[in-house]
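The values are calculated or read from the model by the stated rules, or taken from the named source; none is laboratory data. Small disclaimer: the values here were computed from a predicted structure and weren't measured. Here Cβ is always computed from backbone atoms with ideal geometry, including for glycine, and neighbour counts include all displayed protein chains.
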Amino acid sequence: MNKKTVKDIDLKGKKVLVRCDFNVPMDEQRNITDNIRIVSALPTIKYLLENDCKIILCSHLGRPKGEFKEEYSLKPVAKELSKLLNKEIIMANDVIGEDATSKAKNLKQGEILLLENVRFHREETDNDIEFSKKLAQMAEIYVNDAFGSAHRAHSSTTGVASYLPAVAGFLIEKELEFLGKAVEEPQRPFVAILGGSKVSDKIGVIDNLLEKVDTLMIGGGMAYTFFKAQGYNVGNSICEIDKIDLAKEAMEKAKQKGVKLMLPIDTKIGKEFDANTESKTVEWTQIPNDWQGLDIGEKTIEMYAEELRKAKTVVWNGPLGVFEFEQFAVGTNKIAKILSEISATTIIGGGDSAAAIKKAGLEDKVTHISTGGGASLEFLEGKKLPGIEALMDK
């Protein structure tokens, strides 16, 4: 973490533009169903309040594709934020229009303005220079605290950093500290668990982690591509035929690097892709033609658990089965429980694995849950994140 943070700059009384990640899930009545991303932004906002700043917050929500749509408005976020801070949040009706600019201009110390969804403008995702300039003109300092969007080079994540002194907020600092330390200076044994449905989504991560881990465990749909790569029948299981060579290369690389690559030894299969389908558990080499693998089996859970109990650092990204269906969530839930019990640094890489940990009510029992699915994946791939690259170096 060689980037400047809010603590490395004089903020006293300044007008500060903060990019947050308020891309939160909502139900049909527009009630926020999980506010973790809003809660995660509070330490930075409170620090700015302590420094008598005039605060302008901006974020995207969903994919409105460059036009105003009421269901993507940030108004519910303003309401939630106001409740959490016990403080009025001034809501702008636009992003760089007359309402936003005049409210930003008249902002007093200790006041908070929330701009409307930045993705109501196509220029945001195009990283448009003029749009970036107009955003920057509202403030004197820029703080990026949106780790979940740090892998995107958009106006509000990288563009504005060209026109203002740009530093990281506490959330980005925390994310980089945990993920960075795990990958660069892990306590060993270092184990990575990768799940999810596709090898193609994770091949860069597999490749990078094979340089760093002691053990790599594979689960989820991508395990079946590895089975197929060894010449076994996978029935109707999800399988990327065009990625078989990549799976073979990964197994070969693991051998060369002395990394223990672990694949499921049994699998819970279903007649069809359905929550209530008929199911049974078979050896990984015995999947019948018209069945499909939907979870890891009990023997695999026990084998993975034994390995995890020896670990000192664990990074987990991606569910180990179709965890949306209760009968195929067993593997994911049991591994989540084991991670909550071991004495290791346990880092959950956002997205579905984070959802699984929360669903199991174990979020307080792991070391760190990343707020950025895509960003944490790219970080684990060893890629540079544009939103972080754009910030000032220490």
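For segment 258-300, a residue qualifies if it is part of a helix (DSSP H, G or I) and buried (at least 22 other Cβ atoms within 10 Å of the Cβ), and exactly one does: Thr300.
Annotation: Glu324 fulfils all but one of (1) surrounded by 19 or more Cβ atoms within 10 Å (Cβ to Cβ); (2) in a loop (DSSP other than H, G, I, E, B); the unmet one is (1). Scanning segment 141-152 for residues that are touching a helix residue (DSSP H, G or I) at 6+ places or on another chain (Cβ under 8 Å), modelled with pLDDT of 95 or more and surrounded by fewer than 24 Cβ atoms within 10 Å (Cβ to Cβ) yields nothing.
Scanning segment 202-211 for residues that are surrounded by fewer than 19 Cβ atoms within 10 Å (Cβ to Cβ) and among the charged types (D, E, K, R) yields Asp207, Glu211. Answer with yes or no whether Val199 is touching a residue at least 40 places away in the same chain (Cβ under 8 Å) and in contact with a strand residue (DSSP E or B) (Cβ under 7 Å, 6 or more places away or on another chain). So Val199 does not fit the description; no. Considering Thr267, Thr225, the condition of being touching a Ser or Thr at 6+ places or on another chain (Cβ under 8 Å) and β-branched (Val, Ile, Thr) is satisfied by Thr267 alone. Within segment 340-358, being of a type outside the set (S, T, N, Q), over 14 Å from the mean Cα position of the chain (by Cα) and surrounded by 16 or more Cβ atoms within 10 Å (Cβ to Cβ) holds for Ile342, Ala344.
So which of Leu171, Leu176 is crowded, with 23+ Cβ neighbours inside 10 Å and within 24 Å of Leu339 (Cβ to Cβ)?
Unique residue meeting the criteria: Leu171.
Scanning segment 137-169 for residues that are of a type in the set (A, V, I, L, M) and either out of contact with any Ser or Thr (no Cβ under 8 Å at 6 or more places or on another chain) or in a strand (DSSP E or B) (or both) yields Ala139, Ile141, Val143, Ala153, Ala161, Leu164, Ala166, Val167, Ala168.
Conditions (1) farther than 26 Å from Lys12 by Cβ; (2) in contact (Cβ under 8 Å) with a residue 24 or more places away in the chain; (3) assigned by TED's automatic domain parsing to the domain that holds Ala153; (4) crowded, with 21+ Cβ neighbours inside 10 Å, marked per residue:
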position: Arg63; (1), (2), (3), (4): yes, yes, yes, no
position: Glu67; (1), (2), (3), (4): yes, yes, yes, no
position: Leu74; (1), (2), (3), (4): yes, yes, yes, yes
position: Leu84; (1), (2), (3), (4): no, yes, yes, no
position: Val95; (1), (2), (3), (4): yes, yes, yes, yes
position: Ala104; (1), (2), (3), (4): no, yes, yes, yes
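Is it the case that segment 186-195 has a residue that's surrounded by fewer than 16 Cβ atoms within 10 Å (Cβ to Cβ) and within 26 Å of the chain's Cα centre (by Cα)? The answer is yes; a qualifying residue exists. Residues in segment 367-394 that are closer than 20 Å to Val143 by Cα and among the hydroxyl-bearing types (Ser, Thr, Tyr) were compared, and the one that is surrounded by the most Cβ atoms within 10 Å (Cβ to Cβ) is Ser376.
Take segment 257-292 and flag every residue that is aliphatic (A, V, I, L, M) and over 15 Å from Val234 (Cβ atoms).
Hits for segment 257-292 are Val259, Leu261, Met262, Ala275.
Assessment of segment 318-326 against the conditions (out of contact with any Cys (no Cβ under 7 Å at 6 or more places or on another chain) and closer than 30 Å to Glu173 by Cβ) yields at least one matching residue.
Evaluating Val330 against the criteria (1) touching a residue at least 40 places away in the same chain (Cβ under 8 Å); (2) closer than 26 Å to Phe178 by Cβ; (3) surrounded by fewer than 22 Cβ atoms within 10 Å (Cβ to Cβ) leaves one unmet condition, (2). Being among the acidic types (Asp, Glu) and in contact with a strand residue (DSSP E or B) (Cβ under 8 Å, 6 or more places away or on another chain) is a description that applies to Glu140.
Selection of first residues in segment 161-180 that are within 15 Å of Lys394 (Cβ to Cβ) and of second residues that are at pLDDT below 90 and part of a loop (DSSP other than H, G, I, E, B), restricted to Cβ pairs under 9 Å at least 6 apart or on distinct chains, gives the following pairs, ordered by first then second residue: Ala168/Met1; Ile172/Met1; Glu173/Met1; Leu176/Met1; Glu177/Met1; Gly180/Met1. When segment 48-75 is examined, which residues are found to be touching a helix residue (DSSP H, G or I) at 6+ places or on another chain (Cβ under 6 Å) and among the aromatic types (Phe, Trp, Tyr)? Within segment 48-75, just Phe68 meets the criteria.
Looking at Val160, is it under 25 Å from Met222 (Cβ atoms), touching a Lys or Arg at 6+ places or on another chain (Cβ under 9 Å) and either surrounded by 24 or more Cβ atoms within 10 Å (Cβ to Cβ) or not small (Gly, Ala, Ser) (or both)? So Val160 fails the test.
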